1. Other chains near A:310-317: what is the mean number of their Cβ atoms within 10 Å of each residue's Cβ?
2. Less than 11 Å from a label point 7 Å out along the Cα-to-Cβ axis of residue B:341: which backbone N atoms in the stretch B:289-319 qualify, by residue?
3. Taking the inverse of the average 1/r across all pairs of different Cα atoms in the protein assembly as shown, what Kirkwood radius in Å do you get?
4. Students often get this wrong, so check it: of B:88/B:254; A:106/C:92; A:75/B:88; B:113/B:287; A:373/A:445; A:376/B:129, which have C-alpha atoms separated by over 31 Å?
5. Output the antiparallel fraction of DSSP beta bridges having both residues in chain A, as a percent to the nearest 5.
6. Roughly how far apart, in whole Å, are the Cα centres of the stretch B:9-47 and the stretch B:116-144?
7. What's the center-to-center distance, using Cα atoms, between the stretch A:278-297 and the stretch A:447-483 in Å?
8. Can you tell me which aspartates and glutamates have their Cα less than 15 Å from the Cα of residue A:410? Leave out same-chain residues fewer than eight positions away.
Amino acid sequence: MHNKSITDLAKGLRSGEFSSVELTQAFLNRIKQHSSLNCYITVTEDLALQEAKAADDRIAKGDATLLTGIPIAQKDIFCTQGVKTTCGSKILDNFIAPYNATVVEKFNQAGSVMLGKLNMDEFAMGSSNETSYYGAVRNPWDHNAIPGGSSGGSAAAVAAGLAVCATGTDTGGSIRQPASHCGITGLKPTYGRVSRYGMIAYASSLDQGGPMARSAEDAAIMLQVMAGFDERDSTSVDLPVPDYRAGLSNPIEGLKIGLPKEFFGAGLNSDVAAVIEAAVNEYRKLGAHIKEVSMPNLKLAIPAYYVIASAECSANLSRFDGVRYGYRCANPEDLTDLYTRSRGEGFGKEVKRRILMGTYALSAGYYDAYYIKAQKVRRLISDDFKKALSEVDVIMGPVAPSAAFGIGEKIGNPIEMYLSDIYTIAINLAGLPAMSMPAGVVGGKPVGLQIIGNYFAEHRLLNIAHQYQQVTDWHQQSPKGFE
Amino acid sequence: MEWEAVIGLEIHTQLATKSKIFSGASTAYGAEPNTQACAVDLGLPGVLPVLNEEAVRMAVLFGLAIEAEVAPYSVFARKNYFYPDLPKGYQISQFELPIVGLGHLDIDVDGVKKRVGVTRAHLEEDAGKSLHEDFHGLTGIDLNRAGTPLLEIVSEPDMRSAKEAVAYMRKLHELVRYLGICDGNMQEGSFRCDANVSVRPKGQQAFGTRAEIKNINSFRFVEKAINYEIERQIDLIESGGEVVQETRLYDADKDQTRSMRSKEEANDYRYFPDPDLLPVVVDEAFKAQVKATMPELPDAKKQRFKDQYGLDDESTAILTSSRPLADYFEAVVKESACEARICANWVTGDLSAALNRSGLEITDSPVSHERLAGLLARISDNTISGKIAKQVFEEMWQGTASADEIIEAKGLKQITDTGAIEAIIDKIIANNPEQVEQYRSGKDKVFGFFVGQVMKEMQGKANPGEVNKMLKDKLK
Amino acid sequence: MSLTTDDVKKIAHLARLGIDESDIESYAKDLSRMLDLMTQMSELNTDDVIPMAHPMDQVQRLRPDTVTERNNREQFQAIAPQVEAGLYLVPKVIE
């Protein structure tokens, strides 16, 4: 049951083959059984069963949506009213959110069942899920490997069948990279497509929530619920939401695919390169045309990203001060002590590193050299994409330079970790939609293909991914022990 | 050495919106602590700001009123610092690109006109309040005020005396209330002033080092604080000291300024554009829309009151001191068909006195302009005398009856029946032969005695003009 | 470009971020390496480039001036570290 698609599960629920309560219980059992993966920070068992019961009633009444009664899970970055929302941090370990994120509200309206809150890198800062206060998540394909990050809990949970699908957020690759490492399908929508209200901010101009699922079709169903204008988010875009499932079956003959030469340089593992090449060949067979494009400024994406993201996060995380909610240090001597120790004891090392970096980049005397410079580079990178996307329909390439690396392998070397985000980070700077879907296996670990589209072309990306998934079965493979 | 003071003011005006600048919480003053601080105002994780249209409209209206350049494109920035009344650890403000650019305000000090430059005005959110009453040695934080829209209006260092600074501040105070963008209530902190003060030898071009005096909350204190600070700086320099750039607080009880606890480090606010907010675009259409709502401004109204109603400077100044008072006056003139000067005397005289006694504003006057106009109309058509009118007014103040109802009920109508007046005059002349003799022998003063007697006999209801005329005839 | 331990202390204070004395050295090292990475940007001439603050060229939407939020103090303060009489309490603020 845990490997079925949303549409199959919805059919089963409607036909009475199983109830949502049964389905939910089955997933809750699996979560317990595989707790060593450490996917969940909080399992909301009672709430899930209540919601499942309500969903069964709703299905019986005949006003169900495709997601009614489907057990999903939320990345612990989305505020969930009455449920602990930690963002993977000690500083929010006692934080029971007093309101729902817009995305959570939308899933509630659709009638889905929330199994719990998923593990993640602290404040979404990390590419390996190792910065979480709640410990590393294990990759179900290789328990000694990282699942990717920051949405590592989401990716691992979906891959292991501990949730039908899950939400993720992507600031520099945090949906796509773990999706790639765990062999699932993840989509980072266009900036502004999904409301950020109630999604705890890391870097506001880069953050975007999106679906993480077993297939492009499931991702389409999720995105249908998540996308749309939200008056509570000034950066939310007021454009109609297309029917994402309707176009999935459109033929893709004549599709123009661009391959940026900078994506296939020296840093790319040759086995991963072979997987990407094979996937592109599959598209060729489906009638696509391939063209080389260029992203001359790509190599500056990492420095630009780390300036902008650090700067934004240094301010975004100032609100965690031990005054109104969250962790407060014991017996503060004075105000400065309250701030300094609450934050010092509440934040982990990577978060501190980025706050320090951002504080420095914004401080007097350095603002122009770092922050303004990064914003200019951001425009140049964005222009590179615009130019390439005027020549081709989509851009394809790897998601990460290699398959999932080992837990502990890079955590001691932050710069090396940052450099592994080279293929995903530029897309966030430009605000474009991009997805990752499984396209092969290297050394027993899955490898994803990245597809980057034009602004608001999510329907196109899903269509292109779905067509691939009709002729291949990478997305249907499960890690050993989770079949 | 002769010294010259250089003064610039930064005035924070709370905009009179219903809801906050970035949230839908109420801005009403005086609520229970933290009952008007919503998720956005508290800076809960994940919340986002959305800009209040009315705050933008008010800022634009102000910009147009001071003939400033209204920025077609302005940007909100984060000003980063830690303070418990600042929930997010940053204040959303405008830094490099404010919504209102260079404008000006004309002031008048002792008949001398002067133009004061307004460098800029920018939108920002107010902070909460720290309450220092003792909570077991702790400070209490009320965030109701957090997120209230502020327009910070920064002047050029154009003022040269405390008097000029106060004149500028008053002018601005009058203007924002005219525009309806701020209630101007200084006790409640709706209109707050910081003053930058420096001194330099007269004739020197370069500015001296300035001190900033924070949060001075009355016109009187602004004048005193600046004067104290000017003296302090001159004394300091003359005794061989040096002014340091610092923030000072004015202590009204001691009438002096004192240095605020020296900051551990220089402020480094790390301003950068707030990524949660997009650029604010004010296009020509929006500006035109706002301009169409521009009320008549104080200077224009003053001139018009003099021209149209023939009023003197003093009455004009009083009547135009607030828009509701000016409107009240004009309504009375229009509705009573009474001479404007008489209306002005009533509004600035009896009505103002009564309002003062009761501590009421014109907008809360128990005697509406319709009712006052009803009274003045009876003066102008000679139904009652001015003296009786005062009596009627007192009745009106106490109750709800109209002037006509009171005149009718109390029988205060002026007697214009010449027969009745004549009979009384005859009686009085007959009863006071001595005074008649005096008058006829040239003692004109006695005339007043006869008028008084007649009026007394007639309980003030006789038309004084008529009485005068008839008395003169009879006494010939 | 390299940051000294004093630089790190200064920035940490600005960010009100407590850092273990024993970690300062390693932060200085990491931050210096990050700065080296960032300095790569200076190789590119960007004189004529307009800084890009948002991925979308959009303008701020304006919200009508209506009160939409109600008093929710009890719920909000249920998760606060220390409150009394409806106020959030902090160590004494000295002005």
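All of the numbers you see were taken from the coordinates with simple rules; none came from a lab. As the structure is a prediction and not an experimental result, all values here were calculated from the model. Here the Cβ positions follow ideal geometry from the backbone for every residue, glycine too, while neighbour counts run over all protein chains shown.
1. Values: counts 2, 4, 6, 0, 10, 12, 7, 4.
Partner Cβ neighbours, averaged per residue: 6.
2. B:310-312
3. Values: mean 1/r = 0.0302 Å⁻¹.
Roughly 33.1 Å, rounded to one decimal.
4. Details: B:88/B:254 36 Å; A:106/C:92 43 Å; A:75/B:88 23 Å; B:113/B:287 29 Å; A:373/A:445 38 Å; A:376/B:129 39 Å.
Violating the 31 Å Cα-Cα cut-off are B:88/B:254; A:106/C:92; A:373/A:445; A:376/B:129.
5. Details: 30 of 43 bridges.
Of those bridges, close to 70 percent are antiparallel.
6. 11 Å
7. 15 Å
8. Correct list for residue A:410: A:121, A:130, A:350, A:421, C:30.
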